[in-house]
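Read through the structure below, which is laid out as C-alpha cells, and then see the notes.
The values are calculated or read from the model by the stated rules, or taken from the named source; none is laboratory data. Predicted model, so just to flag it, every value in this text is computed and none were measured. Methodologically, a virtual Cβ is constructed for each residue, glycine included, from the backbone with ideal geometry; neighbour enumeration extends over all protein chains shown.
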Amino acid sequence: MNRIMSLISGLLFGAGLAASGMTNTAKVTGFLDIFGNWDPDLLLVMASAVITTLICFRFVLKRSKPVFASSFSLPLKTVIDLRLLLGAVLFGIGWGLYGYCPGPAVAAIVYLQPVTGAFLIAMLLGMFIASKIPKS
Amino acid sequence: MIDFLWPIFGGVLIGLSATVLLLFNGKIAGISGIIYHAITDKTSVNRKQHWFFLIGILLGAYLFHLLSGKALPETNDNYLLAIIAGLLVGVGVKLGNGCTSGHGVCGIGRLSMRSLVATICFMLTAIISVAIINSIIPTGAL
C-alpha cells in the first residue's frame, strides 16, 4: 500500500510541477527576476501549494498515526545553524543560475533533453560531495 | 484555461501530493531527500517507496502534457551553467536538508521555523543570483 500511495503522490507532484510551469527554466528565472522583467505567476504556485499544505497538514497531523504506517516520520531538527543557512544560500544560487530545483529537474526528464541529465548528474555529485562534509 | 489558473492548479496539486504522502505514509515529500535516499539507501525498506514516488513524478509530468496538450517547455542548452547550477543545488540541498518542496511546501505547511528561515534564505539568494546573472549575460542570450 505504501508503494501505491508513493506512486500516487508522485503522480500528483509531477503533474503539478508540469502544470504550474516549474519545469520551465525560463519561467522560473523570470519569476526570480524581480529587479528586471518580473513574471509573478510562480508566486501563485508557491502560495497555492503552501496554503494547501497549511490547511491539510493541520488535519493530518491531528491523527495519532498515518493510514498505512505506524508513525509519522517528521524531521526532528529545529536548530537553525550555519549548515542550514549555508545550504539554503548555495541552493538558492544554483536554483537562480539555471532555474531548476530538484523536483522539476526530475520531472523534466520526460522532455528528453540531455542538458537535464547533465544538471541531474551534477546535482547528485554535489549531494555526494556534501555528504562527505562532517556534521559539526 | 485562463493562463493564471495553471499555476494555481499546479500549486494545489503539489500541496495535495504532499498531503497524500503525509496522510497515508507519514512521510514528508522532500524531493531532494527522496532522490538521495532512493540512490544511497542500500538496505532501507523505504527505498522502493522512494523509487515509486520518483516514477510517479515522471508519469505525472508526462500524463499532464499528454492530456492537457500544453507544449513542452524549451530547455536552456547552456551545459556549463546547468552543471555549475546542478553542483550548487546538490551541495546546497544536502547541507541544508531540503529544497523547495521539503522546506518550502512541507516545512512551512507544518509551521517549522527552521524551514521558514531556509525558504526565505534560498528565495533571496535565488533572486540575487538571477539579478547578477542577468547583469552579466544580457537577457535572451542564454
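Quick look at the numbers
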{"quantity": "Residue list for segment A:3-24, restricted to those being in a helix (DSSP H, G or I), small (G, A, S) and free of Cβ contacts under 8 Å to residues at least 40 places away in the same chain", "calculated": "A:S6, A:S9, A:G10, A:A15, A:G16, A:A19, A:S20"}
{"quantity": "Set B:L72, B:L67: member being among the aliphatic types (A, V, I, L, M) and under 15 Å from A:V106 (Cα atoms)", "calculated": "B:L72"}
{"quantity": "Residue in segment A:111-127 that is outside any helix (DSSP H, G or I) and either surrounded by fewer than 24 Cβ atoms within 10 Å (Cβ to Cβ) or of a type in the set (G, A, S) (or both) present", "calculated": "yes"}
{"quantity": "Residue within segment A:57-64 that is facing another protein chain (nearest Cβ under 7 Å) and of a type in the set (K, R) present", "calculated": "no"}
{"quantity": "Scope segment B:43-67; condition more than 7 Å from chain A (Cβ to nearest Cβ) and not hydroxyl-bearing (S, T, Y); matching residues", "calculated": "B:V45, B:N46, B:R47, B:H50, B:W51, B:L66, B:L67"}
{"quantity": "Pick from segment B:85-112, criterion assigned to a helix (DSSP H, G or I) and more than 7 Å from chain A (Cβ to nearest Cβ), ranking: farthest from the chain's Cα centre (by Cα)", "calculated": "B:G107"}
{"quantity": "Residue that is surrounded by fewer than 24 Cβ atoms within 10 Å (Cβ to Cβ) and more than 16 Å from the chain's Cα centre (by Cα), where the choices are B:L58, B:L72", "calculated": "B:L72"}
{"quantity": "Which numbered condition A:M1 fails, given (1) more than 7 Å from chain B (Cβ to nearest Cβ); (2) at pLDDT 95 or above", "calculated": "(2)"}
{"quantity": "Residues satisfying the stated conditions in segment A:25-67, i.e. crowded, with 24+ Cβ neighbours inside 10 Å and touching a residue at least 60 places away in the same chain (Cβ under 8 Å)", "calculated": "A:T25, A:V28, A:T29, A:L32"}
{"quantity": "Subset tally (residues that are assigned to a helix (DSSP H, G or I) and either acidic (D, E) or surrounded by fewer than 22 Cβ atoms within 10 Å (Cβ to Cβ) (or both)) for segment A:75-88", "calculated": "5"}
{"quantity": "Members of segment A:80-119 that are more than 7 Å from chain B (Cβ to nearest Cβ) and either of a type in the set (K, R) or free of Cβ contacts under 8 Å to residues at least 40 places away in the same chain (or both)", "calculated": "A:D81, A:L82, A:A105, A:L112, A:P114, A:G117"}
{"quantity": "Members of segment B:68-84 found to be facing chain A (nearest Cβ under 7 Å) and among the aliphatic types (A, V, I, L, M), listed by number", "calculated": "B:L72, B:L81, B:A82, B:I83, B:I84"}
{"quantity": "Residues (touching a residue at least 24 places away in the same chain (Cβ under 8 Å), small (G, A, S) and at the interface with chain A (Cβ under 7 Å from one of its Cβ atoms)) located in segment B:2-37", "calculated": "B:G15, B:A18, B:A29, B:S32"}
{"quantity": "Index of the failed condition, A:F31 passing every other in (1) outside any helix (DSSP H, G or I); (2) more than 7 Å from chain B (Cβ to nearest Cβ)", "calculated": "(1)"}
